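*Asks:* Quick one: the structure is below, questions incoming.
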Amino acid sequence: MRITGGCHCGAIRYQVEGDLIVHALCHCSDCRRHAGAPMVGWAMYPEGAVKVTQGEPKIYASSEDGRRHFCANCGSGLFYINEKMLPGIIDVQSGTFDDPGAVPVVVHIQTAERISWMERAHELPSFERFPPQE
Ligand SMILES: [Zn+2]
Ligand SMILES: [Zn+2]
């Protein structure tokens with residue numbers, strides 16, 4: 001299966017062709033702060049499966065060995081590589097897939113750092129668009 005994706009502004013495009021290892025929702029504080037979001041979806045692949053087809057991501061060292069690749073123009077987070085902890089592996093921020101539903105997410109990780117209210121977020125009142133205005 002071929003998956004395509006890119007950043008919000010379109011400067012960076014990539015394609016993925018290979019076998020998914022795991023698709024996880026990460027609750028760690030590094031992901032949260034870098035994305036500015038309560039959690040981040042990561043689709044993990046062998047490094048060779050992902051090819052940047054347009055543009056060049058900027059690389060940010062978010063920890064000693066962690067490298068976060070993002071678009072320097074619009075700020076979208078794209079990839080995570082950690083050659084020490086996860087050699088030969090690339091994590092793709094699955095929210096940047098053209099079809100973000102392409103591969104189902106199967107696991108929550110780093111829940112030790114999860115925001116307390118995230119645990120029951122799926123139970124909150126939901127609106128297809130916005131709550132009715134009074
Ligand atoms: Zn961009
Ligand atoms: Zn994380």
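*Asks:* Considering only residues that are within 30 Å of residue 4 (Cα to Cα) and among the basic types (Lys, Arg), look in the range 100-134 and name the one that is nearest to ligand 2 (Cβ to nearest atom).
*Replies:* 114
*Asks:* Going through 23, 34 one at a time, which residue ends up being more than 16 Å from ligand 1 (Cβ to nearest atom), surrounded by 15 or more Cβ atoms within 10 Å (Cβ to Cβ) and either over 20 Å from residue 113 (Cα atoms) or not aliphatic (A, V, I, L, M) (or both)?
*Replies:* 23
*Asks:* Please find, within the range 74-83, the residue that is nearest to residue 95 (Cα to Cα) out of those that are away from ligand 2 (no atom under 15 Å from the Cβ) and not acidic (Asp, Glu).
*Replies:* Top of the filtered list is 76.
*Asks:* Across the range 86-97, which residue is farthest from the chain's Cα centre (by Cα) among those that are open to solvent by less than 50 Å² (accessible area, probe 1.4 Å) and of a type outside the set (A, V, I, L, M)?
*Replies:* The selected residue is 88.
*Asks:* Residue under question is residue 51, and the condition is that it be within 16 Å of ligand 1 (Cβ to nearest atom) and within 18 Å of residue 13 (Cα to Cα); does it hold?
*Replies:* Numbers: within 16 Å of ligand 1 (Cβ to nearest atom): no; within 18 Å of residue 13 (Cα to Cα): yes.
The answer is no for residue 51.
*Asks:* Return the residues of the range 1-19 that are buried (at least 19 other Cβ atoms within 10 Å of the Cβ) and assigned to a loop (DSSP other than H, G, I, E, B); say none if nothing qualifies.
*Replies:* Scanning the range 1-19 gives 7, 12.
*Asks:* Of the numbered conditions (1) at positive phi; (2) within 16 Å of ligand 1 (Cβ to nearest atom); (3) not aromatic (Phe, Trp, Tyr), residue 69 satisfies every one except a single condition; which is it?
*Replies:* (1)
*Asks:* Against the definition (surrounded by 14 or more Cβ atoms within 10 Å (Cβ to Cβ) and under 11 Å from the mean Cα position of the chain (by Cα)), how does residue 62 come out, yes or no? Can you show your working first?
*Replies:* Working: surrounded by 14 or more Cβ atoms within 10 Å (Cβ to Cβ): yes; under 11 Å from the mean Cα position of the chain (by Cα): no.
No: the conditions fail for residue 62.
Listed here are the residues, each with its yes/no results for (1) open to solvent by 70 Å² or more (accessible area, probe 1.4 Å); (2) modelled with pLDDT under 95; (3) closer than 16 Å to residue 30 by Cα; (4) out of contact with any strand residue (DSSP E or B) (no Cβ under 7 Å at 6 or more places or on another chain).
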position	(1), (2), (3), (4)
43	no, no, no, no
58	yes, no, no, no
78	no, no, yes, no
84	yes, no, no, yes
99	yes, no, no, yes
106	yes, no, no, no
110	yes, no, yes, no
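*Asks:* Working only within the range 30-73, note down all residues that are within 14 Å of ligand 2 (Cβ to nearest atom), part of a loop (DSSP other than H, G, I, E, B) and in contact (Cβ under 8 Å) with a residue 24 or more places away in the chain.
*Replies:* Within the range 30-73, 38, 39, 62, 63 meet the criteria.
*Asks:* Next question. If you take just the strands (runs of 3 or more DSSP E) that sit entirely in the range 74-134, which of them hold at least 1 residues that are polar (S, T, N, Q) and in contact (Cβ under 8 Å) with a residue 12 or more places away in the chain?
*Replies:* In the range 74-134, the matching strands (runs of 3 or more DSSP E) lie at 77-82, 89-93.
The values are calculated or read from the model by the stated rules, or taken from the named source; none is laboratory data. All values reported here derive from a predicted model rather than from experimental measurement. A quick note on method: Cβ atoms are made from the backbone with ideal geometry, for glycine too, and the neighbour counts reach across all protein chains shown. Note: areas computed on protein heavy atoms with side chains; ligands, DNA, RNA excluded. Shrake-Rupley method; radii C 1.70, N 1.55, O 1.52, S 1.80 Å.
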